[in-house]
Each structure stands twice: as C-alpha cells, then as structure tokens.
Amino acid sequence: MKRSRSSFFNRMSLAWQIVVLLSIALLPIGGLAVFEAMRANDRAKSLAASDLLADARQAAETERLEIAEGFGAARTLGRNSMVYDGTSAECSAELARFIGESERNIFAAFIGANGLMKCSSLSSIERDLSESESYLLQREEPRRTVSVVESGNVTSRAVLIISHPVIVDGTWRGTISLSVPREVMSVFSEDDAEGALNVALIDNEGKVLSRNVRDTEQAWWLPVGLSNDYVNSNEAIVFEGVDAFGGVRTYARVPIVEDEIAGLFSKPDGGLGAAALMSVLRAILLPSLVWVLCIALAYFAMRRLVVSGIQRIQRSVVAFKRGDRERAMRPIAGASGELEELSSSFVEMARAVDAGEQELSDLVEEKTVLLLEVYHRVKNNLQLIISIMNIQVRGAQDERERMAIRTLRERVMGLALVHQRLYETPNLTSVPADKLVREIVSNLSDAKAGESGATILSDLATFNLHPDQAVPFSLLVTEAMMNALNYSGRGTDDWRIEISLTLTPEDVVELNVTNTVPEDETIEPPEPRSGMGKPLMRAFVMQLAGTMEISNPEGKYALDVAFKRASLDEQGGQRIGMPGQSKAEYRANERAAREPAA
C-alpha cells in the first residue's frame with residue numbers, strides 16, 4: 001500500500017506540530033522582547049555614558065582648580081624681584097622658603113632667558129636647559145604650560161610640572177617651574193586607589209602622559225589608537241574604543257588645560273553598569289523562559305491528552321490487522337472524552353468485523369467441504385466409467401473396437417486426474433500443472449507397458465493452472481502423449497519421447513512434445529489410426545486461446561503449444577471453455593474445430 005506524499009511538517013508527530021505552531025505564534029512576542037531588550041541596552045549605555053561623563057567632568061574640574069592654584073603660585077613667585085633680579089643665593093632662598101611653606105610643591109626653579117637654571121629650592125642644583133624642548137618653546141612663545149613626567153630630572157619622581165613665564169615691563173625674563181607630586185592630585189592620590197574611575201592624562205597629540213597609581217603597570221584599559229577627532233577636541237566627549245584585550249569600552253575625554261592636557265576616563269567595568277546589564281538580561285531571559293515553559297507545557301499536554309491515546313488506538317488497529325483480535329478489542333482506559341468515544345467505536349466495529357469474518361469463514365469452510373465432495377464424487381464416477389471401459393476392453397472381440405475403447409478410457413482418465421488433483425490440493429482454485437502432466441505420462445506409459453519400449457524424458461516447470469484451463473490442458477496432454485506413443489519411431493535404436501513444460505516471464509505456458517518417427521514408413525503403428533487426434537488437439541488449444549504448431553525436424557515429430565496462463569483469482573463459474581470466452585464464442589469455435597475432421 002503506497003503512502004501519499006506529504007510535507008515534512010505533516011510527517012511530524014502531532015505534539016511536535018503543536019510545538020512548531022506555538023513557537024510561530026509566540027515569535028512576535030519574542031521579537032518584541034528582543035526589541036525592548038535592545039532599547040533597554042541603548043538606554044543603559046546612554047545612562048552609563050552620562051554617568052561616566054559626569055564623574056569625569058567632576059574629576060577634571062578638581063584637577064583644573066589644582067592646576068590653577070599652581071599657576072597662581074608660580075605667577076606670585078614670578079612677581080618677586082628677588083627671584084628674577086636678585087643673586088642666585090637670594091633667588092634660591094626665596095624659592096626654598098616657598099617650598100618650605102607649601103604643602104603641595106616639592107621643587108621650584110627659575111630658568112633664565114638664557115636657558116640656565118639661575119636658582120632653585122635646592123641651591124646646589126644647577127642645570128643648563130638651553131637645549132630642552134620646554135625652554136625652546138618658552139623662548140619662542142612665552143606662555144604658561146603644564147606637563148606630566150614619570151621621572152623628573154631633579155626629583156626623580158612622577159610629577160606635574162607647572163611652568164609660568166616671568167614678564168617684566170613687557171620683557172620675558174625667564175620661567176618659574178614648580179614640581180607637584182602626581183599623587184597629590186585627587187585623581188592620582190593613594191586614597192583614590194579604590195575609586196570608580198580609571199584615569200590617564202594625555203597631551204594634545206594623544207600621547208599618554210600619566211596614569212593613576214593603581215594602573216601604573218597595567219594600562220590594558222587604554223584605547224588602542226585615538227582618533228584625531230577625540231585628541232584635538234576642546235569639548236568634553238564620550239566615545240567607544242577597543243582596549244588592549246579587544247573589548248569594547250566607553251571612554252570620556254575632558255580637557256583640563258586647554259590645548260595641552262586632557263583627562264581620559266573609563267569605568268572599570270567598561271562603562272555599562274551591572275544594573276543595566278541585569279536589565280538587559282531580564283528583558284531577554286524572561287520572554288525566553290516564558291517561551292520554554294509554554295512549549296514544554298504544550299508538548300507534554302499534547303502527549304498526555306492526545307498523542308498517547310491516539311498511539312494506543314493505533315496499536316489496537318495494528319493488532320487487529322495482524323490478527324490479534326483479543327488485544328485489539330480491549331477498551332482504552334484513561335483517555336480523554338473524544339478519544340475514549342473513538343476507542344469504543346473502534347472496539348464495536350472490530351467486534352462486528354470479527355463476527356462477520358467468523359460467519360464468512362464458516363460459510364467458506366462449508367462450501368469447501370461441499371466442493372471437495374463434488375470433486376471426490378466426480379472422480380469416483382469417472383473412475384467407475386474407466387472400470388466399465390476396462391471390462392468392455394477385455395470382452396471386445398474386434399481390435400478396432402478395443403482400440404476405440406482404450407482411447408476413450410485414456411481421455412476419461414485425463415479428466416479424472418484433474419478432479420483428483422483438485423480434491424487433493426489445499427487450494428481449490430488451482431491445479432499443479434507439473435504433477436498433472438507427470439501423472440498423465442505415468443498412466444499412459446503404464447497402460448502401454450507391454451507395447452511401448454520408448455524412453456520418455458520430461459522437463460517440467462512447477463506452476464499452477466486455473467481449473468478452467470486445467471481440464472482442456474489435461475486432455476491436450478493426453479492426446480499428445482497418445483499420439484507420440486502410437487506413432488513414435490518403432491524399430492529404431494534411439495526410440496524416445498521428450499516432453500517439456502515451461503512458463504515464460506510473460507506468463508505464457510509452452511508445451512513441447514517430441515517423438516522419434518520410424519525410419520521405415522512401412523512400419524504400421526500397433527493400433528489403427530482413428531484420425532481424431534489432431535482435430536481434438538486443435539479444439540483443446542482453441543479452448544485455451546493458444547496456438548499449435550507441428551513440425552518434422554530430422555527423424556522427429558514435434559508438437560508445440562503456447563497459451564496465456566489465466567489469472568488464478570479469475571472466477572470461471574459462469575464461463576465454459578477458455579477463460580473470458582462466452583458460450584456463443586465457444587460453440588462457434590467448436591464447430592470450426594470439427595470441420596477439418598469432417
């Protein structure tokens with residue numbers, strides 16, 4: 001039984017079909033949840049960026065005030081005439097006094113217009129800075145500057161160097177330089193080591209001047225490569241960059257000293273707070289959890305309420321099909337209302353079908369017994385006729401009369417064999433052709449045992465024939481064998497009869513009977529010729545709707561018959577002659593077959 005083609009979805013189990021459909025139904029909700037999660041993520045990032053910028057501005061403002069204080073101190077020193085007009089000793093004394101009174105500054109120096117350090121808070125220190133970059137810039141354009149160095153030339157410490165030009169009556173007389181320890185600044189102080197910001201100072205070219213104390217040896221959080229848009233800007237900006245580990249972080253750049261120093265700030269967690277992250281996760285996980293729960297509930301509900309009951313009904317149907325009626329007719333308990341009604345209907349139908357099959361089986365068995373009895377009685381009646389013929393043969397005085405009775409007896413024996421085979425075979429609608437031919441040959445050989453010295457060779461294929469074809473076929477074989485036994489090559493050394501029976505792949509039955517012929521045509525057969533053999537064989541072949549061909553190869557006589565085997569499930573009860581032939585057609589063919597004999 002062919003199964004109709006169906007889509008992959010239709011071949012899925014019912015429970016999985018419900019899961020797929022429910023997933024499709026919940027897809028818009030999932031999409032909305034993802035959209036809301038993305039919006040929540042954007043809002044969280046915006047809030048984090050605003051929070052980072054506010055913290056960065058506050059820290060930068062503090063540093064701006066501290067640097068402004070340093071500029072004020074340097075400017076005050078620059079107005080002291082003892083510094084720019086006094087002797088080196090007087091200048092150093094003034095600077096030492098200033099450092100002694102200051103809580104923030106650790107070193108002060110005055111670099112004259114010639115590039116030589118005229119004096120310092122450490123009077124023993126003298127330097128020629130005429131070739132330094134800072135001096136050359138001051139000489140070209142005297143202005144206040146701030147720079148950060150990891151190791152000062154004099155202090156050998158990480159310091160913030162504040163430089164302020166000394167201009168008297170419009171003439172640049174030199175530069176006051178103050179060194180402030182980096183840790184004094186609030187963003188770099190030890191007290192802020194556990195703060196909430198990573199901080200670095202950069203110049204107007206993006207070069208990192210200094211980092212906070214806790215990050216001195218670990219600068220992985222700094223962005224890899226800074227765009228000029230972020231470096232040269234004098235506005236506070238927030239941007240995203242990639243750190244040394246390849247992670248995306250949020251940074252804030254806030255100017256501290258215009259065109260010179262800016263602060264670069266970042267949150268230790270990259271700028272996205274844990275609360276924002278949890279908000280995003282909740283926005284995604286909650287719909288996902290609801291989706292999983294709905295799918296699981298739908299699946300187990302379908303399995304419990306529908307699929308389980310259908311599978312049990314299916315097992316009952318399969319059991320009924322295999323003949324396990326007791327199991328098939330068990331009612332299904334615990335199923336839902338509709339499936340329980342369906343199961344009850346199937347059980348009632350199965351019981352009705354089982355009762356009907358039992359009744360039909362009884363009728364078939366009864367008719368089989370009757371048909372066997374008919375075959376048995378027909379065989380017995382034919383056997384009785386054969387016995388009467390045997391008595392007549394023994395009482396006949398004329399040889400021609402004995403030959404006629406024997407011929408008729410052998411034909412009746414062929415009919416009797418058909419009914420005997422029908423009686424003995426388990427299938428009453430077919431006859432084994434090979435056994436039928438074998439018994440006909442054996443009976444005829446036994447009947448002529450005293451006369452025939454021929455060697456009979458047989459090659460018989462095994463197959464069955466419909467009873468409507470078995471009767472004319474048995475008579476045809478009887479006539480062919482009688483003809484071969486009567487007219488075979490007597491007086492020859494190689495006197496034999498060959499009979500073969502085959503079935504082609506096209507379901508065509510081929511019968512071949514070949515016998516040797518006498519070398520001396522004057523040798524007469526042992527029995528007179530009646531002339532009825534060929535007409536009878538033609539009539540039988542016509543009933544089989546076949547063809548007959550007679551040939552005379554060297555020293556032989558060959559009969560070839562071929563006909564289409566009828567289907568074994570054909571019903572021939574309302575037909576006579578060959579299967580599919582009406583009574584009128586059969587009678588017309590029978591008259592045509594008798595004309596040659598006349």
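So which of K367/K435; K321/K435; K534/K564; K435/K534; K367/K534 end up more than 29 Å apart, counting from Cα to Cα?
Going by Cα-Cα distance, K321/K435; K367/K534 fall outside the 29 Å limit.
At what distance in nm do the modelled label points of S130 and L363 sit from each other, each positioned 7 Å from its Cα along Cα→Cβ?
13.7
Round to the nearest 0.05 the FRET efficiency obtained for R39 and A296 when R0 = 25 Å and r is the Cβ-Cβ distance.
FRET efficiency, R39 to A296: 0.30.
Please state the shape class of the stretch 73-120: rounded when a/c is under 1.5, otherwise prolate if a/b exceeds b/c and oblate if not, all from the C-alpha gyration tensor.
Prolate, since a/c reaches 1.5 and a/b exceeds b/c.
Using only the Cα atoms of the stretch 341-387, what semi-axes does the equivalent ellipsoid have when each is the square root of 5 times a gyration tensor eigenvalue? Give whole Å, largest first.
One finds semi-axes of 45, 5, 4 Å for the stretch 341-387.
Would you kindly find the accessible area of S120, with a 1.4 Å probe and non-protein molecules such as ligands, DNA and RNA excluded, rounding to the nearest 10 Å²?
It works out to around 0 Å².
When the solvent-accessible surface of protein heavy atoms is calculated with a 1.4 angstrom probe, in what order do E410, E66, E549 fall, highest first?
Listed by decreasing accessible area, they come as E549, E66, E410.
When the solvent-accessible surface of protein heavy atoms is calculated with a 1.4 angstrom probe, in what order do W16, W221, W291 fall, highest first?
Ranking W16, W221, W291 by accessible area, largest first, yields W16, W291, W221.
Give the ranking of Y557, Y487 by solvent-accessible surface, highest area first, calculated with a 1.4 Å probe.
Final ranking, largest accessible area leading: Y487, Y557.
Work out from phi, with θ = phi - 60° and the Karplus expression 6.51 cos²θ - 1.76 cosθ + 1.60, the ³J(HN,Hα) of each residue of the stretch 147-163, listed in order in whole Hz, and give x for Gly and Pro.
Each residue's phi maps through the Karplus curve to give 9, 10, 10, 6, 8, x, 5, 9, 7, 6, 10, 6, 9, 9, 9, 9, 10 Hz.
Just check the stretch 80-184 against the gyration tensor rule for me: Cα atoms, a ≥ b ≥ c as the square roots of the eigenvalues, rounded for a/c under 1.5, and otherwise prolate or oblate depending on whether a/b exceeds b/c.
oblate
Please report the relative contact order for the stretch 80-184, taking Cα pairs under 8 Å with a sequence separation of at least 6, and give it as a percent rounded to a whole number.
Relative CO of the stretch 80-184 lands at 25 percent.
If ligands, DNA and RNA are left out, what is the accessible area of F540 with a 1.4 Å probe, given in Å² to the nearest 10?
Near enough 20 Å² of accessible area.
With +1 on the Cβ of every Lys and Arg and -1 on the Cβ of every Asp and Glu, and nothing else charged, how large is the dipole of the stretch 80-184 about its Cα centre, in debye rounded to the nearest 20?
The dipole magnitude comes to about 160 debye.
The values are calculated or read from the model by the stated rules, or taken from the named source; none is laboratory data. On a predicted model such as this, the values are computed, not experimentally measured, just so you know. Cβ sites come from the backbone with ideal geometry, for glycine too, and all protein chains shown count toward neighbours. Protein only, heavy atoms only, side chains kept; ligands, DNA and RNA dropped before computing areas. Shrake-Rupley method; radii C 1.70, N 1.55, O 1.52, S 1.80 Å.
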